[in-house]
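The structure appears right after this line, and notes come after that.
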There are 2 protein chains.
Amino acid sequence: MNSSKANLEKVHESIKDLIHRTPIMRSDGIDELLGCEVLFKCENFQKIGAFKMRGATYFMHELLNTEIERPKAVVTHSSGNHAQAVALAAKMNGLKAYIVMPKDAPKVKVEAVKGYGGEVHFCEPTLEARESNMERIRAENGAVFIPPFDHEHIILGQSTAAKELIEDTDELDYILAPVGGGGLLAGTALTANAFSPKTKVIGCEPEMADDAYQSFKSGKWQPSKNPKTLADGLKTSLGKLNFDIILEHVNDILCCSEKQMLEAMQLIWERMKIVIEPSAAVPLACIMANREMFKGKRVGLIISGGNLDLGDFFKLLDQKRSS
Amino acid sequence: MNSSKANLEKVHESIKDLIHRTPIMRSDGIDELLGCEVLFKCENFQKIGAFKMRGATYFMHELLNTEIERPKAVVTHSSGNHAQAVALAAKMNGLKAYIVMPKDAPKVKVEAVKGYGGEVHFCEPTLEARESNMERIRAENGAVFIPPFDHEHIILGQSTAAKELIEDTDELDYILAPVGGGGLLAGTALTANAFSPKTKVIGCEPEMADDAYQSFKSGKWQPSKNPKTLADGLKTSLGKLNFDIILEHVNDILCCSEKQMLEAMQLIWERMKIVIEPSAAVPLACIMANREMFKGKRVGLIISGGNLDLGDFFKLLDQKRSS
């Protein structure tokens with residue numbers, strides 16, 4: 001993979017008008033509480049509400065600029081943010097998107113995909129069913145598969161979040177990013193390596209889905225086993241290509257408990273007044289679980305997204321109204 | 001009251017380094033849904049999480065720059081955002097703040113006031129008890145009372161939110177602000193009158209606390225009667241000084257139901273990924289309840305604050321974790 005400065009610049013240039021340059025936010029209260037300076041790169045404000053838009057947009061750009069024949073459609077399987085990203089990126093390019101979703105996917109996410117014009121196909125909630133359905137639709141419709149993380153274009157696309165973070169801040173001691181499939185973390189590591197080599201890159205993971213931690217510490221790829229975390233975006237196993245990059249360029253992987261994740265999430269909602277999903281709280285939870293390590297440091301932290309089901313909360317409020 | 005351009009500029013100049021210039025946000029999705037362009041002035045990102053910081057800061061500035069003798073302390077009574085604003089503004093100026101709060105005030109708000117160094121005094125939850133306790137503390141400590149809305153300095157301080165909104169956007173057809181005591185709405189009207197006279201200013205109120213609507217339509221000040229709204233910031237009666245300004249400079253007052261308010265609140269949380277309190281959703285709810293009026297227009301809307309108790313929501317998430 002070409003992760004030279006020049007190529008990372010070219011990647012960013014090719015998508016920057018199609019995505020949002022998300023703001024960097026901070027909180028005096030959180031800095032005081034943790035004894036370090038935390039700069040939050042707010043990808044919850046990205047199109048579709050998550051960083052996944054970057055990778056999907058770059059994949060689409062490469063697809064339309066390098067293939068001789070324009071593809072008829074794209075296809076993916078996902079129950080989460082990648083589904084929305086592919087649907088919107090396809091819509092922006094006038095392509096049809098087929099999205100295979102497990103039949104137990106949250107209604108709010110299914111509606112979001114449909115809202116972006118994606119054609120939803122339901123299947124059994126197993127990886128096997130998802131892949132076989134995707135494969136069938138791909139073959140029947142001449143569609144191109146857009147993978148969620150284990151692909152060069154996706155990793156390069158996700159690398160642009162850290163690039164903006166580095167450009168918009170003074171030199172960072174650390175950059176923290178959550179790790180699920182590893183697209184964001186691998187891209188972040190490549191960017192830091194090219195543009196800010198003194199900055200240490202740390203992957204952050206819930207203990208309940210610690211396959212990246214186990215793989216990193218043992219040096220051998222290990223799959224995610226029956227992960228039971230509220231961080232639905234981080235349940236997936238690390239991609240193989242992603243793992244190679246992470247082993248080479250990431251400095252460490254830290255873990256947090258589910259309780260710490262919820263505490264960090266509530267802290268961000270209350271102090272910063274932004275809506276973030278559980279996965280996005282994992283890096284702050286890892287700081288809270290390793291305070292000494294970050295004391296006095298300047299830390300960039302990627303808030304990966306802000307998509308979650310708020311229905312229950314608003315039902316509660318509605319009950320208060322009626323009572 | 002001197003509401004000339006020059007004086008409003010002077011007011012803004014005197015506090016601008018002490019407050020945040022909050023961002024203006026927008027959402028393609030919301031614009032499409034409503035058929036108009038909505039520009040959200042996000043005072044939920046203001047210090048203490050609400051526009052109240054502006055008025056308290058300006059009052060404090062005038063207090064310290066016009067009184068011959070430096071006051072020993074300040075005092076107010078409030079269960080809400082004004083309490084936090086006075087506590088923080090006092091802290092920033094090295095003054096002691098006494099805050100009288102009803103004993104049933106939400107714990108999260110009491111803790112916030114204490115966090116800003118305010119000395120909390122509890123009293124019975126009636127206006128009479130609040131005022132008599134405040135009066136006693138004021139006399140005993142030589143403290144200066146900082147009123148929540150019915151005062152020239154407070155109105156002028158709140159006027160700076162709309163001033164920034166006007167400066168940071170193209171000409172607006174409308175500016176919408178919620179109305180409780182009327183500090184924000186009166187300040188907004190004075191600002192629009194001075195800096196953008198073609199812009200119509202609309203006050204927005206829940207039907208369940210419609211004293212400003214009733215007063216405006218009848219031309220006679222009418223108190224709030226047993227208001228039962230989730231918009232806790234808007235339960236209070238309109239100030240007398242505020243009412244005079246509103247009658248003269250505000251174009252109309254619109255109302256929304258509690259259900260519409262919650263729908264608007266959920267829409268903002270989900271689409272914009274920002275945490276706003278119920279009161280702050282009232283203007284968008286009023287657009288949703290009066291779509292024809294705003295069709296094709298450019299509308300500035302002041303998001304008044306983002307302080308609410310999130311404990312129940314995080315309890316729900318924690319239950320999911322344990323299950």
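For every residue, the table says whether it meets (1) in a helix (DSSP H, G or I); (2) outside the structural domain of B:Ser79 (by TED's automatic domain parsing); (3) buried (at least 21 other Cβ atoms within 10 Å of the Cβ).
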site: B:Glu205; (1), (2), (3): no, yes, yes
site: B:Gln214; (1), (2), (3): yes, yes, no
site: B:Gln260; (1), (2), (3): yes, yes, no
site: B:Ile287; (1), (2), (3): yes, yes, yes
site: B:Met293; (1), (2), (3): yes, yes, no
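Which residues, taken from region A:42-68, are in contact (Cβ under 8 Å) with a residue 60 or more places away in the chain and within 14 Å of chain B (Cβ to nearest Cβ)?
A:Cys42, A:Glu43, A:Asn44, A:Phe45, A:Gln46, A:Ile48, A:Gly49, A:Ala50, A:Phe51
When residues of region A:236-258 are filtered for being open to solvent by 10 Å² or more (accessible area, probe 1.4 Å) and among the small types (Gly, Ala, Ser), how many remain?
Residues that pass the stated criteria total 2.
Looking only at region A:122-135, which residues are surrounded by fewer than 16 Cβ atoms within 10 Å (Cβ to Cβ) and not polar (S, T, N, Q)?
If the condition is that a residue be surrounded by fewer than 16 Cβ atoms within 10 Å (Cβ to Cβ) and not polar (S, T, N, Q), then A:Phe122, A:Glu124, A:Pro125, A:Leu127, A:Glu128, A:Glu131, A:Glu135 are the ones that fit.
Between B:Lys109, B:Lys91, B:Lys103, B:Lys114, which is farther than 26 Å from B:Asn44 by Cβ and either basic (Lys, Arg) or within 21 Å of the chain's Cα centre (by Cα) (or both)?
One residue alone meets the criteria, B:Lys103.
Report whether or not B:Lys320 is free of Cβ contacts under 8 Å to residues at least 60 places away in the same chain and either within 14 Å of chain A (Cβ to nearest Cβ) or crowded, with 16+ Cβ neighbours inside 10 Å (or both).
yes
List, please: which pairs have Cβ atoms under 8 Å, are six or more places apart or on different chains, and start with a residue in region A:205-232 that is among the β-branched types (Val, Ile, Thr) and end with one that is open to solvent by 60 Å² or more (accessible area, probe 1.4 Å)?
If the second residue must be open to solvent by 60 Å² or more (accessible area, probe 1.4 Å), the pairs left are A:Thr229/A:Met208; A:Thr229/A:Lys235.
Within region B:219-258, how many residues are not β-branched (Val, Ile, Thr) and not in a loop (DSSP other than H, G, I, E, B)?
So the count comes out to 16.
In this structure, is B:Ala83 crowded, with 21+ Cβ neighbours inside 10 Å, at pLDDT 95 or above and either assigned by TED's automatic domain parsing to the domain that holds B:His249 or β-branched (Val, Ile, Thr) (or both)?
No; evaluated as a whole, the condition is false for this residue.
A:Gly306: at positive phi and either at pLDDT 95 or above or away from every other protein chain (no Cβ under 14 Å) (or both), yes or no?
When the stated conditions are applied, A:Gly306 does not pass them.
Taking the residues in region A:280-303 that are farther than 22 Å from A:Ala209 by Cβ and touching a strand residue (DSSP E or B) at 6+ places or on another chain (Cβ under 8 Å) as candidates, determine which candidate is farthest from the other protein chains (Cβ to nearest Cβ).
Among residues in region A:280-303 that are farther than 22 Å from A:Ala209 by Cβ and touching a strand residue (DSSP E or B) at 6+ places or on another chain (Cβ under 8 Å), the one farthest from the other protein chains (Cβ to nearest Cβ) is A:Lys297.
Which one of these does A:Glu13 not meet: (1) in a loop (DSSP other than H, G, I, E, B); (2) surrounded by fewer than 22 Cβ atoms within 10 Å (Cβ to Cβ)?
(1)
Can you pull out every residue in region B:31-75 that is in contact with a strand residue (DSSP E or B) (Cβ under 6 Å, 6 or more places away or on another chain) and under 19 Å from B:Met265 (Cβ atoms)?
B:Asp31, B:Cys36, B:Val38, B:Leu39, B:Phe40, B:Lys41, B:Cys42, B:Glu43, B:Asn44, B:Gly49, B:Ala50
Test B:Met265 against the stated conditions and say whether it is within 17 Å of the chain's Cα centre (by Cα) and either in contact (Cβ under 8 Å) with a residue 40 or more places away in the chain or crowded, with 23+ Cβ neighbours inside 10 Å (or both).
yes
Report, by residue number, each residue of region A:25-41 that is of a type outside the set (D, E, K, R), more than 13 Å from chain B (Cβ to nearest Cβ) and part of a strand (DSSP E or B).
A:Val38, A:Leu39
Inspect all residues belonging to region A:247-266 and state whether any of them is more than 29 Å from A:Glu32 (Cβ to Cβ), within 14 Å of chain B (Cβ to nearest Cβ) and in contact with a Gly (Cβ under 9 Å, 6 or more places away or on another chain).
Taking every residue of region A:247-266 in turn, none turns out to be more than 29 Å from A:Glu32 (Cβ to Cβ), within 14 Å of chain B (Cβ to nearest Cβ) and in contact with a Gly (Cβ under 9 Å, 6 or more places away or on another chain).
Being in the same structural domain as A:Ala280 (by TED's automatic domain parsing), in a strand (DSSP E or B) and crowded, with 21+ Cβ neighbours inside 10 Å, is that true of even one residue in region A:185-201?
yes
Could you please let me know if B:Thr22 is outside any helix (DSSP H, G or I) and open to solvent by less than 20 Å² (accessible area, probe 1.4 Å)?
Judged against the criteria, B:Thr22 is a match.
The values are calculated or read from the model by the stated rules, or taken from the named source; none is laboratory data. Since the model is a prediction, treat every value here as computed from it, not as a measurement. Quick reminder, even Gly has a Cβ in these numbers, built from the backbone with ideal geometry, and neighbours come from all protein chains shown. In case anyone asks, the SASA skips ligands and DNA or RNA and just uses the protein heavy atoms, side chains included. Shrake-Rupley method; radii C 1.70, N 1.55, O 1.52, S 1.80 Å.
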